[in-house]
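A quick write-up on the structure given underneath.
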Amino acid sequence: VVIGCRLAVLSLLCALLWGFARRAVHEQPQHVLYLVDRSDSMDAEQLSWIARRIASLDSLRPPQVERALVAFGAEAAALVPFGRDALDDPVAIRNLLTGAPIDRAATNLEAALLEALRLLPAGGSGRVVLFSDGRQTIGNVDQVLSHVRRLGLQVFPERVPTFGAQTTVWEALSAPPTVQRGSPVELQLVLNSLASTPQAAQVTVRLAGIPI
C-alpha cells in the first residue's frame, strides 16, 4: 500500500509537471530588410554589385520570411514593401535603386536604421542587411545601434567593394567627442588612394558649412 501511494504521488507530480501544464506554440514572424546606400559616393559598378548580391541572398531566403527593400541617402525611402515574392532579378533591383526618390548629397546611417525599425511590423523580429561604404556624413549611427538591437533588430553590414572608378576614397574622419573652447583639435583623416604613384591632394574640413 505504501509503495502504491508513493507511486501515485510520483505519478501525480509528473502529471502536474508535464501533462496538466498548458502549452502553447507561438510562431514569431521573421522579416529581412535590404538597406542600400544610394548616396553619391556609390558608383554605378557598386550599384550593379549590390543588385546581384541582393538577388543572390534572396534566392536563399526561406519562403515564410518576408523581405523589403529600402534605399537611403540623407533620408530613407521604401522601394519594395514587405512580402514573400522573390527579389531575384538584378536588373529590376538596379532600376529600383537607380530611381530611388532620396537626397543623394549625404549619407545618414542613423536615419536609415530608424526607418528600418519603423517599417518592421509591431512585435516582429527583423534582420537588416546593410549595403554601404560606411562613410556617414550626417547623423551618428553609434547612438542608435544599441537602441535598435534592444528592440530586436539585428544588423548585418555588407561592405561594398571599390572597383576603381574613384582614384581616391575617403575612409574615415576621427575627432575627439568633446573639446574645450579655444583649444586645438586633433583630426585624423584616412584616405585610400588607388593611384599607382603618389599624388598631391588638398582637403578642406567644414563644420556646419564653415571651413575649420
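The values are calculated or read from the model by the stated rules, or taken from the named source; none is laboratory data. Owing to the predicted nature of the structure, the values given are computational and were not obtained by experimental measurement. Don't worry about glycine lacking a Cβ; one is built from the backbone with ideal geometry, like all the others, and counts go over all protein chains shown. The area values use the complete protein model at the heavy-atom level, side chains included, leaving out ligands, DNA and RNA. Shrake-Rupley method; radii C 1.70, N 1.55, O 1.52, S 1.80 Å.
Tabulated data for the structure shown
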| quantity | calculated |
| --- | --- |
| Every residue from region 114-125 that is of a type in the set (A, V, I, L, M) and either assigned to a helix (DSSP H, G or I) or open to solvent by less than 50 Å² (accessible area, probe 1.4 Å) (or both) | Leu114, Ala116, Leu117, Leu119, Leu120 |
| When residues of region 83-106 are limited to those that are hydrophobic (A, V, I, L, M, F, W, C) and either touching a His at 6+ places or on another chain (Cβ under 8 Å) or free of Cβ contacts under 8 Å to residues at least 60 places away in the same chain (or both), the one least open to solvent (accessible area, probe 1.4 Å) | Ile93 |
| Among residues of region 131-148, those that are open to solvent by less than 60 Å² (accessible area, probe 1.4 Å) and in a loop (DSSP other than H, G, I, E, B), counted | 7 |
| Search result, residues across region 44-97 that are acidic (Asp, Glu) and over 27 Å from Val141 (Cα atoms) | Asp85, Asp88, Asp89 |
| Top-ranked residue in region 172-212 [being of a type in the set (S, T, N, Q) and assigned to a strand (DSSP E or B); ranked as modelled with the highest pLDDT] | Gln188 |
| Region 152-164, subset at pLDDT below 80 and surrounded by 12 or more Cβ atoms within 10 Å (Cβ to Cβ), residue nearest to Ala106 (Cα to Cα) | Thr162 |
| Out of Val169, Val128, sole residue that is modelled with pLDDT of 90 or more and either assigned to a strand (DSSP E or B) or surrounded by fewer than 12 Cβ atoms within 10 Å (Cβ to Cβ) (or both) | Val128 |
| Considering residues of region 48-61 that are more than 15 Å from the chain's Cα centre (by Cα) and touching a residue at least 24 places away in the same chain (Cβ under 8 Å) only, the residue surrounded by the most Cβ atoms within 10 Å (Cβ to Cβ) | Ala51 |
| Verdict on Val70 being surrounded by 14 or more Cβ atoms within 10 Å (Cβ to Cβ) and either more than 25 Å from Asn108 (Cα to Cα) or without any contact (Cβ under 8 Å) to a residue 24 or more places away in the chain (or both) | no |
